[in-house]
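Colleague: I have a structure I would like to understand better, so I am pasting it below and will then ask my questions one at a time.
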Amino acid sequence: MNPIVHALDRARAAQTESDKPTRAEVEAAVRTIIRWTGDDPERDGLLETPARVTRSFEEFFAGYDQRPAEILEKTFEEIEGYDEMIALRGIRFESHCEHHMAPIIGQAWVAYIPNGRVVGISKLARVVDIYARRLQIQEKMTAQIANTINDVLKPQGVGVIIKASHHCMTTRGVHKPDTDLVTSRMLGCFRDNALTRQEFLGIAV
């Protein structure tokens with residue numbers, strides 16, 4: 001795998017851990033937010049809310065403690081020369097917008113053309129989940145997924161399409177509940193070969 005990707009992932013993980021507030025500090029912050037809304041964090045219905053919110057955030061943002069490049073390290077080379085497209089469709093994910101911390105709910109389509117080795121298909125879904133479980137913008141998440149697969153597997157090409165609904169604009173702000181955002185990242189033969197790109201778009205759309 002790419003040693004630069006591996007080193008960057010480890011550096012980010014170490015920095016995040018050293019700067020991480022304690023659980024007590026997070027729960028205190030939630031109590032402050034509750035008071036700011038005008039409610040009383042000491043009333044019965046809210047007494048356990050700070051702890052629940054903290055546990056929820058641990059789940060929502062678990063991707064910061066995981067290194068997606070390592071997920072792709074285990075590969076298989078006994079593929080009888082298989083060199084056609086491999087596409088995993090409709091990978092559902094939940095993320096959070098880094099601007100408002102509002103949910104992003106969507107699906108990802110991930111494809112690559114192998115170059116002598118393949119990876120277990122569940123690993124593609126796990127890479128999507130790891131990046132989704134961080135504060136995100138969809139454009140960056142799309143690029144991160146494609147770049148990681150390309151850097152580690154070194155395939156002939158990678159394609160990633162994401163379609164998602166952003167609650168920062170469906171439940172607040174402009175309030176447009178029927179909208180979704182579509183982003184894509186094409187690398188290698190997916191970028192250079194119009195037929196390959198069209199085949200993937202036909203599978204994904």
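Colleague: Go through (1) surrounded by 13 or more Cβ atoms within 10 Å (Cβ to Cβ); (2) more than 27 Å from the chain's Cα centre (by Cα) for Ile91 and report which single condition fails.
Modeller: Condition not satisfied by Ile91: (2).
Colleague: Oh, and also: State whether the residues of the range 140-155 include one that is open to solvent by less than 50 Å² (accessible area, probe 1.4 Å) and assigned to a strand (DSSP E or B).
Modeller: no
Colleague: So which residues in the range 156-179 are more than 25 Å from Glu77 (Cα to Cα) and buried (at least 16 other Cβ atoms within 10 Å of the Cβ), if there are any at all? Spell out how you get there, then give the answer.
Modeller: So the first thing to find is which residues in the range 156-179 are more than 25 Å from Glu77 (Cα to Cα), and the list is 161-179.
Result: Ile161, Ile162, Lys163, Ala164, Ser165, His166, His167, Cys168, Met169, Thr170.
Colleague: Among the residues of the range 117-138, which ones are in a helix (DSSP H, G or I) and either open to solvent by less than 50 Å² (accessible area, probe 1.4 Å) or not acidic (Asp, Glu) (or both)?
Modeller: In the first step, residues of the range 117-138 are kept if they are in a helix (DSSP H, G or I); the result is 121-132, 138.
Matches in the range 117-138: Ile121, Ser122, Lys123, Leu124, Ala125, Arg126, Val127, Val128, Ile130, Tyr131, Ala132, Gln138.
Colleague: Continuing with the same structure: Just one of Pro103, Pro114 is buried (at least 18 other Cβ atoms within 10 Å of the Cβ), assigned by the TED database to the domain that holds Arg172, closer than 29 Å to Arg197 by Cβ and touching a residue at least 12 places away in the same chain (Cβ under 8 Å); which is it?
Modeller: The unique qualifying residue is Pro114.
Colleague: Can you name the condition, by its number, that Ser184 falls short on among (1) out of contact with any strand residue (DSSP E or B) (no Cβ under 7 Å at 6 or more places or on another chain); (2) surrounded by 17 or more Cβ atoms within 10 Å (Cβ to Cβ); (3) hydroxyl-bearing (Ser, Thr, Tyr)?
Modeller: (1)
Colleague: Within the range 57-88, work out how many residues are in a strand (DSSP E or B) and either in contact (Cβ under 8 Å) with a residue 40 or more places away in the chain or loosely packed, with under 13 Cβ neighbours inside 10 Å (or both).
Modeller: So the count comes out to 3.
The values are calculated or read from the model by the stated rules, or taken from the named source; none is laboratory data. All values derive from a computational prediction rather than experimental measurement. Reconstructed Cβ throughout: ideal geometry from the backbone, glycine too, with neighbour counts over all protein chains shown. Please note that ligands, DNA and RNA were not included when accessible areas were found on the heavy atoms of the full protein model with its side chains. Shrake-Rupley method; radii C 1.70, N 1.55, O 1.52, S 1.80 Å.
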